[in-house]
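The block underneath contains the structure these notes are about, expressed in structure tokens.
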Amino acid sequence: MSGFATVIAPAESLREQVESQLSARIVSGEIPPGQVLTVPTLATEFGVSATPVREAMLNLARRGFLSPLRNRGFVVTDVTEDELRELVAVRTLLEAPPMRDVAGALTDDVVVALRELAGNIVQAAVEKRFAEYLAADTAFHLRVLEVTGNRKLLEVVAELRQQTRLVGLAHLVEAETLVQTSMEHAELVDLLVAGDGVAAEALMRRHIRHIGGVWSGRDED
């Protein structure tokens with residue numbers, strides 16, 4: 001199914017590992033909308049029993065990534081233009097304005113952590129490791145918002161990120177666009193360290209627009 005390595009790490013439960021790998025493939029577009037997935041086939045691919053695969057697929061169905069097919073398995077769901085537009089609008093409202101508060105408020109430890117994550121994001125994009133890319137990207141954005149001290153904001157954004165579909169990522173790797181847009185994370189850290197909240201907010205708005213644009217295989221205005 002894939003040219004990307006499937007890595008099952010012992011630190012997580014089998015269900016969590018399978019769900020993470022599958023969601024990364026679906027989110028990136030490596031497994032496209034409309035493709036049918038079956039428990040036996042995936043269990044063989046991952047080298048695990050059917051139970052964790054079935055549990056992972058049921059969780060992905062609850063998250064809206066899959067839809068069950070009677071006696072056939074699951075089909076990868078599609079994302080409409082309206083859904084993408086709404087997601088971009090909500091995430092922009094939640095994630096961009098706080099950059100003004102975060103600017104100039106980063107401790108040295110946070111700066112070090114963010115720069116490391118920014119580097120990991122670019123490296124994962126270069127090496128086409130989508131699961132690691134998405135994990136580092138999520139960790140970066142939540143770490144930035146954590147500086148606000150607003151736990152409810154973190155919870156809501158984390159949930160929204162679980163629903164985000166970036167079906168153009170796999171294609172962008174070949175055009176190196178994914179690597180280029182990934183570098184915006186390091187740029188954001190520089191702006192926050194410099195205390196430039198206005199520019200940081202503008203960059204975050206542009207960054208989030210990629211969700212409904214190039215990261216989803218669509219043109220941006």
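The values are calculated or read from the model by the stated rules, or taken from the named source; none is laboratory data. All of these numbers come straight from a predicted model, not from anything done at the bench. Cβ sites come from the backbone with ideal geometry, for glycine too, and all protein chains shown count toward neighbours.
Data overview
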| quantity | calculated |
| --- | --- |
| Selection count where residues are at pLDDT below 95, of a type in the set (Asp, Glu) and more than 24 Å from Val76 (Cβ to Cβ), scope the range 173-203 | 1 |
| Among the candidates Val48, Val88, Val102, Val53, residue that is in the same structural domain as Val144 (by TED's automatic domain parsing), crowded, with 16+ Cβ neighbours inside 10 Å and either touching a Gly at 6+ places or on another chain (Cβ under 6 Å) or free of Cβ contacts under 8 Å to residues at least 60 places away in the same chain (or both) | Val88 |
| Meets criteria (on the phi > 0 side of the Ramachandran plot and either touching a residue at least 24 places away in the same chain (Cβ under 8 Å) or in the same structural domain as Thr177 (by TED's automatic domain parsing) (or both)) for Gly64 | yes |
| Matching helices (runs of 4 or more DSSP H) fully within the range 23-119 where at least 1 residues are in contact with a Phe, Trp or Tyr (Cβ under 6 Å, 6 or more places away or on another chain) | 50-62 |
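Table: residues versus (1) under 18 Å from Asp101 (Cβ atoms); (2) at pLDDT 85 or above.
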| position | (1), (2) |
| --- | --- |
| Asn120 | no, yes |
| Ala125 | no, yes |
| Leu134 | no, no |
| Thr138 | no, yes |
| Leu142 | yes, yes |
| Val156 | yes, yes |
| Gln162 | no, no |
| Gly168 | no, no |
| His171 | no, no |
